[in-house]
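J.: Got a structure for you, written out below as structure tokens; questions coming shortly.
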């Protein structure tokens, strides 16, 4: 297990940044979770793809990546929440991407982990708004943002290219004032 310091802790989860040393655990969890993730999500499942993915989250100032870890399981990775396309200045916004791993799905860990990321984003990162773009049939993802207090703001046809096609998405958002 890599050395790390949690950025925030809740009763059952904690969040921390990605590290290169997380490759084996992250990719094993992603492979175990293929059935859960498809057709919505395609996290890296091998060392080479993980290295590129994590390096971007670690080095690119327009991105921030967080591993959601189970405190009672020795810090095992339960899922992840990434903030992409971070814009500062007058906008102070970012777009969320996230996923639970199969062993942790349906246990409320991602709800708690997302709450920790929201606090960190609106506090330490100084963001004002976070958006989540979700395919309409992804019921688990829609339920997560509803529980977190996001509001539905619209519908975007052919919004993102995923799994070989342009996919429709619902646009959900939350602001610091809504919290």
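J.: Counting only residues that are more than 18 Å from residue 162 (Cα to Cα) and either crowded, with 17+ Cβ neighbours inside 10 Å or touching a helix residue (DSSP H, G or I) at 6+ places or on another chain (Cβ under 9 Å) (or both), how many does segment 26-38 have?
T.: Adding up the residues that qualify gives 4.
J.: Same structure again: Any residue in segment 39-53 that is more than 14 Å from the chain's Cα centre (by Cα), surrounded by fewer than 15 Cβ atoms within 10 Å (Cβ to Cβ) and closer than 25 Å to residue 12 by Cα?
T.: Within segment 39-53, none of the residues are more than 14 Å from the chain's Cα centre (by Cα), surrounded by fewer than 15 Cβ atoms within 10 Å (Cβ to Cβ) and closer than 25 Å to residue 12 by Cα.
J.: Got a sec? Which of 99, 94 is touching a strand residue (DSSP E or B) at 6+ places or on another chain (Cβ under 9 Å), free of Cβ contacts under 8 Å to residues at least 40 places away in the same chain, within 21 Å of residue 43 (Cβ to Cβ) and in a strand (DSSP E or B)?
T.: Of 99, 94, the one residue that is touching a strand residue (DSSP E or B) at 6+ places or on another chain (Cβ under 9 Å), free of Cβ contacts under 8 Å to residues at least 40 places away in the same chain, within 21 Å of residue 43 (Cβ to Cβ) and in a strand (DSSP E or B) is 94.
Yes/no matrix, rows are residues, columns are (1) loosely packed, with under 12 Cβ neighbours inside 10 Å; (2) in a strand (DSSP E or B):
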position: 69; (1), (2): no, yes
position: 80; (1), (2): no, yes
position: 124; (1), (2): yes, no
position: 142; (1), (2): no, no
position: 146; (1), (2): no, no
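J.: While we're on this one: Can you pull out the residues in segment 126-140 that are over 26 Å from residue 90 (Cβ atoms) and either more than 14 Å from the chain's Cα centre (by Cα) or assigned to a loop (DSSP other than H, G, I, E, B) (or both)?
T.: 135, 136, 137, 138, 139
J.: Could you tell me which residue of segment 157-179 is surrounded by the most Cβ atoms within 10 Å (Cβ to Cβ), considering only residues that are in contact with a strand residue (DSSP E or B) (Cβ under 8 Å, 6 or more places away or on another chain) and in contact (Cβ under 8 Å) with a residue 40 or more places away in the chain?
T.: Only one residue tops the list, namely 172.
J.: While we're on this one: Would you point out which residue out of 108, 113, 123 is without any contact (Cβ under 8 Å) to a residue 24 or more places away in the chain and more than 27 Å from residue 166 (Cβ to Cβ)?
T.: Step by step, each of 108, 113, 123 is checked, and only 123 is without any contact (Cβ under 8 Å) to a residue 24 or more places away in the chain and more than 27 Å from residue 166 (Cβ to Cβ).
J.: If you scan segment 55-67, which residues turn out to be more than 20 Å from residue 141 (Cβ to Cβ) and either assigned to a loop (DSSP other than H, G, I, E, B) or under 12 Å from the mean Cα position of the chain (by Cα) (or both)?
T.: Listed by number, the residues that qualify are 60, 61, 62.
J.: I'd like the full set of residues that are part of a helix (DSSP H, G or I) and within 20 Å of residue 99 (Cα to Cα), limited to segment 148-179.
T.: Listed by number, the list holds a single entry, 148.
Coordinate-derived values only; no laboratory data. Here the structure is a predicted model, which is why all the values come from computation and not from measurement. Glycine gets a Cβ as well: all are built from the backbone with ideal geometry, and neighbour counts include every protein chain shown.
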